[in-house]
Amino acid sequence: MTIQENFEYAKKQYEKWGINVDEVLAQLKKVPISIHCWQGDDVGGFEVNQSELSGGIDVTGNYPGKARTPDELRQDLEKALSLIPGKHRVNLHAIYAETNGEVVERDQLEPKHFENWLNWAKEQGLGLDFNPTLFSHEKAEDGLTLSHPNEEIREFWINHCIASRKIAEHFGKELGTTCLTNVWIPDGYKDIPSDRLTPRKRLKESLDKIFAVEIDEKYNVDAVESKLFGIGSESYVVGSHEFYLGYALKNNKLCLLDTGHYHPTEMVSNKISSMLLYSDKVALHVSRPVRWDSDHVVILDDELKEIALEIVRNDALDKVMIGLDFFDASINRIAAWTIGTRNMIKSLLAAMLTPNEYLKQLQEEGNFTERLALMEEFKTYPFGAIWDYYCEQMGVPVKESWLEDVKSYEAEVLSKRS
């Protein structure tokens with residue numbers, strides 16, 4: 001059977017449940033995923049005075065072909081995007097500034113240092129998101145930034161975050177799509193602290209100063225991101241989930257949930273519905289923790305499917321800002337982007353092809369037998385045929401055929417990088 005024939009057969013199966021597949025695909029096209037640039041160069045960035053990766057972040061592997069320049073990174077992103085259906089966004093960190101060989105401290109960064117990224121995004125029809133980089137720097141060597149006891153160091157990082165928000169606002173104005181600026185810091189202690197409150201007071205005061213600078217929310221929205229622990233902060237993290245959840249709700253900021261930043265038994269999917277009751281929007285960084293926050297490439301596992309279901313069945317596609325955050329240097333980096341992003345989109349499609357309203361009705365009626373039966377049966381409905389058709393219609397490779405494109409690109413481009 002052809003892709004079209006498989007699609008028509010599958011479409012009828014879903015239509016029996018009142019699911020309009022054509023409408024689903026039209027809706028899916030409108031959902032942007034924010035794709036993180038740092039998969040392509042192992043979170044290195046392009047600072048002139050580049051520091052070693054720090055802040056509890058580790059990238060393992062040495063697969064050949066890492067992007068060495070901004071142009072190479074953009075070229076690699078273009079290749080990955082050509083294999084992914086839909087129009088998406090690219091998420092930048094401040095360390096991806098281009099300063100033409102000049103040393104520019106992070107608190108002095110300006111929109112002009114990202115002009116090449118902005119022009120590229122315009123050419124590609126992409127939105128941009130942004131992150132201040134509060135790691136891999138001499139002023140973060142002891143693992144403290146916005147909560148540092150030294151006021152001078154705190155001020156440096158405060159000014160860096162303010163500069164980052166202004167850069168993001170510029171992106172939003174120029175691209176006509178709101179930029180998300182996410183603040184994550186590595187602050188914490190390796191061993192048991194004698195005072196948990198004081199560092200959190202300092203962090204709160206630093207955030208207050210950062211957000212006191214008015215930025216037009218039409219062009220930029222702010223998010224804060226928590227973490228359970230990191231390498232070097234195993235016993236205590238200043239910016240815990242409870243800290244940032246309280247701060248975000250009190251100060252009308254987005255709380256960003258990173259799927260790798262919680263206890264191994266915690267499910268981010270279970271948090272989304274609660275967050276939506278109290279926040280107009282929620283932000284996500286979708287990763288795959290393996291035993292800890294190891295940022296593995298996103299696969300189509302149960303938690304990813306459940307995250308997508310929570311977004312879709314709660315009518316929150318316009319309320320949840322979906323970004324990715326993984327980095328694997330042990331495999332082809334373009335393949336990593338492609339696998340992870342296609343899986344995120346697949347999970348949303350599968351959620352849209354579920355009779356969510358009927359399943360909700362069964363739960364309200366107490367009909368748990370039929371609810372469970374249908375939820376299980378839909379796991380083997382012909383979702384793959386719909387996905388293949390969608391890829392074909394969007395002009396990207398169907399099934400695993402994208403791997404041939406990656407292999408050719410590796411032979412023609414990546415293998416020539418020393």
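The values are calculated or read from the model by the stated rules, or taken from the named source; none is laboratory data. Everything numeric in this text was worked out from a predicted model, so none of it was measured. Every residue, glycine as well, gets a Cβ built from its backbone with ideal geometry; the counts of neighbours run over all protein chains shown.
Cβ separations smaller than 8 Å between residues 6+ apart or across chains give the following pairs from segment 354-370 residues that are under 24 Å from Ile307 (Cβ atoms) to residues that are part of a helix (DSSP H, G or I) and acidic (Asp, Glu): Leu362/Glu370. Pairing each residue of segment 124-141 that is surrounded by fewer than 20 Cβ atoms within 10 Å (Cβ to Cβ) with any residue that is at pLDDT below 95, provided the two are 6+ apart or on different chains, yields C-beta distances under 8 Å for Glu138/Ser51; Glu141/Ser54. When Gly127 is tested against (1) at pLDDT below 95; (2) of a type in the set (Gly, Ala, Ser); (3) within 19 Å of Asp325 (Cβ to Cβ), only condition (1) is not met. A Cβ distance below 7 Å, combined with a sequence gap of six or more or placement on separate chains, defines the contacts here; from segment 316-332, residues that are farther than 11 Å from Val31 by Cβ reach residues that are among the hydrophobic types (A, V, I, L, M, F, W, C) and at pLDDT below 95 in the pairs Phe327/Val43; Phe327/Val59; Ala329/Val59.
Can we say Val213 is surrounded by 18 or more Cβ atoms within 10 Å (Cβ to Cβ), over 19 Å from Lys319 (Cβ atoms) and assigned by TED's automatic domain parsing to the domain that holds Ile311?
no
As a summary of the residue check, Asn182 satisfies the conditions (1) outside any helix (DSSP H, G or I); (2) surrounded by fewer than 19 Cβ atoms within 10 Å (Cβ to Cβ) except for the one numbered (2).
Got at least one residue in segment 131-153 being in the same structural domain as Arg202 (by TED's automatic domain parsing), in a strand (DSSP E or B) and under 23 Å from the mean Cα position of the chain (by Cα)? So far as segment 131-153 goes, yes, one or more of its residues are in the same structural domain as Arg202 (by TED's automatic domain parsing), in a strand (DSSP E or B) and under 23 Å from the mean Cα position of the chain (by Cα).
Taking segment 69-111 only, how many residues are at positive phi and at pLDDT 95 or above?
1
The set of residues from segment 298-330 being surrounded by fewer than 22 Cβ atoms within 10 Å (Cβ to Cβ) and either farther than 20 Å from Ile272 by Cα or basic (Lys, Arg) (or both) comprises Lys305, Arg313, Lys319, Ala329, Ser330.
Look at (1) assigned to a loop (DSSP other than H, G, I, E, B); (2) at pLDDT 95 or above and you find that Trp117 fails only one, number (1). All told, Glu205 meets the bar of being among the acidic types (Asp, Glu) and either assigned to a helix (DSSP H, G or I) or not assigned by TED's automatic domain parsing to the domain that holds His148 (or both). Selection of segment 154-179 for residues being outside any helix (DSSP H, G or I) and either in contact (Cβ under 8 Å) with a residue 24 or more places away in the chain or β-branched (Val, Ile, Thr) (or both) yields Thr177, Thr178, Cys179. Looking only at residues of segment 315-335 that are of a type outside the set (D, E, K, R) and under 12 Å from Lys79 (Cβ atoms), we find that the one that is farthest from the chain's Cα centre (by Cα) is Asn332.
Give the number of residues within segment 44-89 that are assigned to a loop (DSSP other than H, G, I, E, B) and within 30 Å of Leu349 (Cα to Cα). Counting residues in segment 44-89 that are assigned to a loop (DSSP other than H, G, I, E, B) and within 30 Å of Leu349 (Cα to Cα) gives 7.
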